[in-house]
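Q: Would you mind keeping the following structure in view while I ask a few things?
The values are calculated or read from the model by the stated rules, or taken from the named source; none is laboratory data. It should be emphasised that the depicted structure is a prediction, and the values quoted were computed from it without experimental measurement. Cβ atoms come from the backbone with ideal geometry, glycine included; neighbour counts cover every protein chain shown.
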Amino acid sequence: MKKTSLIAIASDHAGYDLKEYIKNYLISLDYEIKDFGTNNSESMDYPDVIHPLCESIKKSSYDFGIILCGSGNGVNITANKHTGIRSALCWKPELAKLARNHNNANILALPARFLTDIEAKEIVKEFLQSEFEGGRHIRRVEKIEL
């Protein structure tokens, strides 16, 4: 797996257990992780952790983000409100690869209630080892910002 040194991670209560699994997996590979929360499975509002995570990525404090909620939709929508953030909701490794290759995604959003630990690990692995292809995709990515 290609090494990215700094990864920000956050989830709501529905994604907490999977976030902890992914975090431990990445730590075992010597990635430096910043956990923006939540810190348990008690109900909470995902924007409270997603907005600070996105701001840290925009400031280049972290290379990539991984965000989770039950469906992945809420955290993904919230993240994509931020200029400079390209969050991709992925439920298969192939989607994660294309999100990096074609869209230069800097955040991976995962639907925690619809993935096993192993499936999520494979998606994360693909996201982190894939690179932006550039070329014809550059102009498309540049057109994303309003």
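Q: Looking at segment 46-73, I want the residues that are at negative phi and modelled with pLDDT of 95 or more and have a partner that is assigned to a helix (DSSP H, G or I) and among the charged types (D, E, K, R) with Cβ atoms under 9 Å, at least 6 apart or on another chain. Which pairs are those?
A: What qualifies is I66/K19; I66/K23; I67/K19; L68/K19; C69/R113; G70/R113; S71/R113.
Q: Do the conditions hold for R140, that is, is it surrounded by fewer than 17 Cβ atoms within 10 Å (Cβ to Cβ), of a type outside the set (A, V, I, L, M) and without any contact (Cβ under 8 Å) to a residue 40 or more places away in the chain?
A: Numbers: surrounded by fewer than 17 Cβ atoms within 10 Å (Cβ to Cβ): yes; of a type outside the set (A, V, I, L, M): yes; without any contact (Cβ under 8 Å) to a residue 40 or more places away in the chain: yes.
Yes: the conditions hold for R140.
Q: Still on this structure, I have one more. Can you find even one residue in segment 63-75 that is in a helix (DSSP H, G or I), small (G, A, S), within 12 Å of the chain's Cα centre (by Cα) and surrounded by 17 or more Cβ atoms within 10 Å (Cβ to Cβ)? Talk me through it step by step, then tell me what you get.
A: Filtering segment 63-75 down to residues in a helix (DSSP H, G or I) leaves 73-75.
With the extra rule that they be small (G, A, S), the set shrinks to 74.
Narrowing further to those that are within 12 Å of the chain's Cα centre (by Cα): none.
No, segment 63-75 contains no residue that is in a helix (DSSP H, G or I), small (G, A, S), within 12 Å of the chain's Cα centre (by Cα) and surrounded by 17 or more Cβ atoms within 10 Å (Cβ to Cβ).
Residue-wise test of (1) part of a strand (DSSP E or B); (2) of a type in the set (D, E, K, R); (3) touching a Leu at 6+ places or on another chain (Cβ under 8 Å); (4) over 22 Å from K125 (Cα atoms).
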{"position": "A14", "(1), (2), (3), (4)": "no, no, yes, no"}
{"position": "D17", "(1), (2), (3), (4)": "no, yes, no, no"}
{"position": "I27", "(1), (2), (3), (4)": "no, no, no, no"}
{"position": "D30", "(1), (2), (3), (4)": "no, yes, no, no"}
{"position": "I33", "(1), (2), (3), (4)": "yes, no, yes, no"}
{"position": "M44", "(1), (2), (3), (4)": "no, no, no, yes"}
{"position": "V49", "(1), (2), (3), (4)": "no, no, no, yes"}
{"position": "E55", "(1), (2), (3), (4)": "no, yes, no, yes"}
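Q: Kindly indicate which of L128, L110 is in a strand (DSSP E or B), in contact with a helix residue (DSSP H, G or I) (Cβ under 9 Å, 6 or more places away or on another chain) and closer than 22 Å to D35 by Cβ. Walk me through it before giving the result.
A: Working: L128 fails: in a strand (DSSP E or B).
Criteria check complete, one pass: L110.
Q: What number of residues within segment 39-51 satisfy the criterion of being crowded, with 22+ Cβ neighbours inside 10 Å and more than 14 Å from the chain's Cα centre (by Cα)?
A: 0
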